[in-house]
Every structure is written in structure tokens, then in C-alpha cells.
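Have a look at the structure that comes next, please.
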Amino acid sequence: MSLEEYKGVFIFAQQVDGELSSIALELLGKAKNLAEDLDEKKVTAVLLGSDVKGLVDKLAEYGADRVILVDDPALKDYRTEPYTHALASVIDEYKPEILLVGATAIGRDLGPRVSSRVHTGLTADCTSLDIGDFPLEPSPARETKHKQLLMTRPAFGGNTIATIACPDFRPQMATVRPGVMQKIDPIKGAKAEVVEFNPGFEENDCYTEIVKIVKEASSVADIQAAKILVSGGRGVGSPENFKILEDLAEALNGTVSCSRAVVDSGWKPKDLQVGQTGKTVRPQLYFAIGISGAIQHVAGMEESDIIIAINKDENAPIFDVADYGVVGDLNKIVPALTKKIKEALAAKG
């Protein structure tokens with residue numbers, strides 16, 4: 001493998017039913033930063049689907065300088081084999097130095113299969129991406145390689161953080177957790193170069209047939225889209241006691257979320273979990289109530305604009321990341337806070 005042949009930062013622009021997934025736009029934002037560090041002029045989005053050319057302009061507005069479009073009826077709905085064939089063919093043809101894929105249900109299926117097919121490595125579920133030297137600690141016994149993609153992810157159940165590189169193979173591939181990277185502000189009217197590419201599709205024994213698609217409407221709120229989150233931990237005491245958090249969230253027009261301990265106890269569904277093994281959130285206001293502040297939880301919410309912690313333990317680690325902290329009994333503090341907020345809103349009219 002000639003590493004010099006591989007150039008540019010690519011992202012897989014996931015779309016479902018003709019709608020771009022938010023992770024595609026988040027990856028474009030990070031790809032722009034990586035491209036700048038590599039002195040690359042273009043960021044490329046790879047768009048796979050059927051009749052999806054109408055999505056190109058939105059990709060351009062969020063940072064794509066070029067869109068490689070593979071548009072074919074075989075790609076109408078996600079199926080492992082045709083999507084793997086399409087993305088692997090794009091890699092073989094255009095040779096990206098870096099390829100980022102969202103760590104979604106689709107990305108977690110697609111990424112490893114593509115990396116295996118093109119004979120490179122993949123770092124899964126990344127929470128941070130940087131360009132730097134590898135190894136991280138120089139050693140006379142090992143050559144230092146510059147401008148490598150340093151991929152950081154939780155390891156051993158979130159108890160440690162690992163930084164991984166792929167210095168000897170290309171592309172350098174990573175799946176990235178939704179909600180971790182930030183979109184750029186859209187550039188209205190931006191246009192991207194469109195390259196239409198089709199490797200051809202011939203059904204084989206690995207092709208699955210979709211008989212029926214059944215969509216289940218979720219009644220659980222999307223915590224990653226919430227501007228205000230009221231999050232509870234084991235310290236709330238019981239599932240019934242979450243009612244006081246729900247009252248506070250309602251007063252603020254916010255959403256309730258929780259820690260892993262709450263999900264493990266069966267008090268709340270996993271869709272509401274914040275943290276390394278849950279979802280990464282960036283609300284404008286985050287209440288951490290009865291949450292100790294373990295590193296696994298903090299990693300999922302530390303980028304919130306304002307963090308308010310309420311805990312009876314004055315030494316709880318959550319206070320280290322909180323902008324405001326209240327030490328005391330949440331059963332007294334939260335209802336009193338809710339009452340004051342309602343009174344203030346009523347007085348405001």
C-alpha cells in the first residue's frame with residue numbers, strides 16, 4: 001500500500017428515507033477542522049442512496065466542498081452488502097486519507113465491513129479526533145509519524161480513555177458518536193462539486209431482501225435535541241421520585257434525562273441515558289440532580305453551556321464540572337426551585 005496515494009478527508013453522509021441524518025452534518029464540521037490541520041483544501045461527502053441528489057445542496061451548506069454521489073435503486077433502503085460494495089468502491093477509486101462514519105445503527109454495521117473489505121483499521125465509537133504525531137510518546141526504538149489521525153474513545157467499559165492511530169494503512173477510519181462533534185453554521189447558497197459514480201450492482205448470496213419496513217413511533221423524547229435537560233441519578237431515590245424532576249422540566253419547557261445507574265435500575269429507558277454508554281448531549285442548560293459525576297457520565301454532558309448540580313454530598317465530583325452547585329436535599333431544593341420558576345414566569349405574564 002502506497003500511503004502517499006491517499007489524500008483528503010471524507011465523510012459518509014448517512015441519509016434515511018431521503019433525509020440527511022444529523023450525524024452527517026456533525027461529521028462535516030469535524031472534517032473541516034481536520035482538513036485544515038492537514039493543509040487539505042477540500043472536504044468530501046460520500047452520499048449513497050436512490051434519488052437523493054436533492055440532498056447535495058444541504059451538504060454543501062454544512063461544509064462539503066465535493067459530494068461523491070452513488071445513486072442507484074439498489075441503495076434505496078439500507079442493506080449491508082450493496083452499501084458496503086458502494087462505499088468500498090468509492091475508497092478504491094478516490095483513495096481518501098481519512099474516512100469518518102457516524103456511530104449509528106447503520107454506521108456500526110457499515111464501518112467495520114468496509115474497513116475489512118479495503119484492508120484497513122477502524123476505531124469505533126470515537127469521542128475525539130485530532131491530527132498529531134504517533135506514537136504519542138516518542139521512542140528511539142520507533143519511528144515517529146507526523147500528521148496522523150489520533151482517534152480517542154472510551155475503553156474497558158468507560159473506565160479509561162484510549163487514543164488509537166492507524167499509521168500503516170489507509171484510509172484511517174473512525175466511527176464517531178452522534179452529538180459529540182459540532183456542526184458549522186450553515187453557509188446559505190454554498191455549492192459543492194458533484195461527482196457521480198456508480199460501481200455497478202449485481203445481486204449475490206449476501207444480498208438481503210427487505211420484505212417489509214415497520215416503523216415504530218417512539219414516545220421517548222430526543223434528549224440530544226433538547227435545549228434544557230433535567231437529569232437525575234441514583235440519588236433521586238426511586239422511579240416515583242422522578243416526578244419532582246419532571247415538574248421542574250415542565251416548568252422550564254425542558255426534557256428529563258438520566259444517568260446509567262437509573263437505566264440499570266430499570267427506572268428509565270436507555271434512550272434517556274446521558275454518558276459514554278448513553279448519548280452525548282450539548283444543551284444550553286443541564287441540571288445534574290442526584291448524580292455523583294462519574295467520568296463516564298461527565299463525558300456525555302460536559303460540553304453543556306451551563307451546568308447546575310444539586311447533590312447532598314459536597315465532595316461529589318459533579319461539582320468539579322458544574323457552573324453552579326447546590327449542596328442539600330434534592331427533595332426540598334428541587335420543588336422549591338420549581339415553585340420559584342413558576343412564580344417568576346407567572347409574574348412575567
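Long-range amide H contacts for R177: which residues qualify at under 5 Å (H placed 1.01 Å from N, peptide plane, sequence gap of 5 or more or a different chain)?
Placed amide hydrogens put A103, C126 under 5 Å from R177.
I want to verify a result. In a Gaussian network model of the chain, Cα cutoff 10 Å, which of these has the top mean-square fluctuation: A64, A155, A31?
In this elastic network of the chain, the residue with the biggest mean-square fluctuation among A64, A155, A31 is A155.
Now, a different point. Give me the percent of DSSP beta bridges within the range 1-87 that run antiparallel, rounded to the nearest 5.
15 percent
Here is a follow-up. Roughly speaking, what is the stretch gain from N241 to F169, that is 0.36 nm per residue apart minus the C-alpha to C-alpha distance, in nm to one decimal?
That works out to 20.7 nm of additional length.
What order, most packed first, do the peptides 312-325, 120-133, 88-101 have when packing is the mean number of other Cβ atoms within 10 Å of each residue?
Packing order, densest peptide first, comes out as 88-101, 120-133, 312-325.
Moving on. What do you get for Rg/Rh over the range 3-196 if you use C-alpha atoms and the Kirkwood form of Rh?
Expressed as Rg/Rh, it is 0.96.
Between D39 and K215, what FRET efficiency follows from the Cβ-Cβ distance if R0 is 41 Å, with the result rounded to 0.05?
So the FRET efficiency works out to roughly 0.40.
Report the full-extension gain for the segment I341 to I161: residue separation times 0.36 nm, less the Cα-Cα distance, to one decimal in nm.
That pair, I341 and I161, stretches by 60.9 nm at full extension.
Which values of log₁₀ I(q)/I(0), to two decimal places, follow from the Debye formula for the range 268-349 at q = 0.14, 0.17, 0.21, 0.22 Å⁻¹ with a uniform point scatterer at every Cα?
With no solvent term, the Cα-only Debye profile gives -0.52, -0.73, -1.00, -1.05.
Roughly what percent of Cα-Cα pairs across the chain reach past 25 Å?
Percent of Cα pairs beyond 25 Å in the chain: 58.
Please list, in order, the residues from the range 68-83 whose amide nitrogen is less than 16 Å from a point placed 7 Å along the Cα→Cβ vector of N198.
Residues 68-77, 82-83 fall inside that zone.
Also: Summing +1 for each Lys or Arg and -1 for each Asp or Glu, what net charge is found among the other residues whose Cβ lies under 15 Å from the Cβ of M181?
Summing Lys and Arg as +1 and Asp and Glu as -1 gives -1.
For E26, what is the net charge nearby, where nearby means another residue's Cβ is under 10 Å from its Cβ and Lys, Arg count +1, Asp, Glu -1?
Neighbour charge sum, excluding E26 itself: +3.
Starting from the amide H of A294, placed 1.01 Å from N in the peptide plane, find each other amide H under 5 Å away whose residue is 5 or more places distant or on another chain.
Those lying under 5 Å, H to H, from A294: there are none.
Give the calculated FRET efficiency between D77 and T144 to the nearest 0.05, with a Förster radius of 51 Å applied to their Cβ-Cβ distance.
That gives a FRET efficiency of 0.65.
Enumerate the calculated ³J(HN,Hα) couplings along the range 78-94 in order (Karplus 6.51 cos²θ - 1.76 cosθ + 1.60, θ = phi - 60°), each rounded to whole Hz, writing x wherever the residue is Gly or Pro.
3J(HN,Hα) across the range 78-94, in whole Hz: 5, 9, 4, 5, x, 5, 4, 4, 5, 5, 5, 5, 4, 4, 4, 7, 10.
Using 0.36 nm times the number of residues separating D17 and S50, minus their current alpha carbon distance, what extension gain do you get?
Difference between extended and current length: 11.0 nm.
What does a probe at K270 reach in the range 86-122, counting residues whose amide N is under 17 Å from the point 7 Å along Cα→Cβ?
Those under the cut-off are 103-109.
Further, regarding this structure: Can you compute the FRET efficiency between Q182 and T152 using 1/(1 + (r/R0)^6), with r the Cβ-Cβ distance and R0 = 22 Å? Round to the nearest 0.05.
Once rounded, the FRET efficiency stands at 0.85.
Per DSSP H run of at least 4 residues, take -39500 (n - 2.57); add these up for the chain, divide by its residues and hand me the 222 nm value, nearest 500 deg cm²/dmol.
The helix contribution divided over the chain gives -8000 deg cm²/dmol.
Something else about it: Of P171, P135, P112, which has the largest mean-square fluctuation in a 10 Å C-alpha GNM of the chain?
Maximum among the listed residues: P135.
If you wrap a convex hull around the Cα atoms of the range 111-205, how much volume per residue is inside, in Å³?
Convex hull of Cα atoms, per residue: 204 Å³.
Percent of Cα-Cα pairs more than 20 Å apart in the range 220-323, please.
Everything past 20 Å amounts to 25 percent.
How large is the dipole of the chain about the Cα centre if only Lys and Arg carry +1 and Asp and Glu carry -1, each at its Cβ, rounded to the nearest 20 debye?
It comes to approximately 920 debye.
Scattering from the C-alpha atoms of the range 149-274 alone, worked out with Debye: what is log10 I(q)/I(0) at q = 0.09, 0.19, 0.20, 0.23 1/Å?
Those come out to -0.54, -1.14, -1.17, -1.28, one per q.
Averaged across orientations, what area in nm² does the convex hull of the alpha carbons in the range 64-162 project?
Answer in nm², one decimal: 8.4.
Values in this text are rule-based calculations from the coordinates and carry no lab data. Nothing here was measured: the structure is a model prediction, and the numbers come from that model. Glycine also receives a Cβ, built like all others from the backbone with ideal geometry; neighbour counts cover every protein chain displayed.
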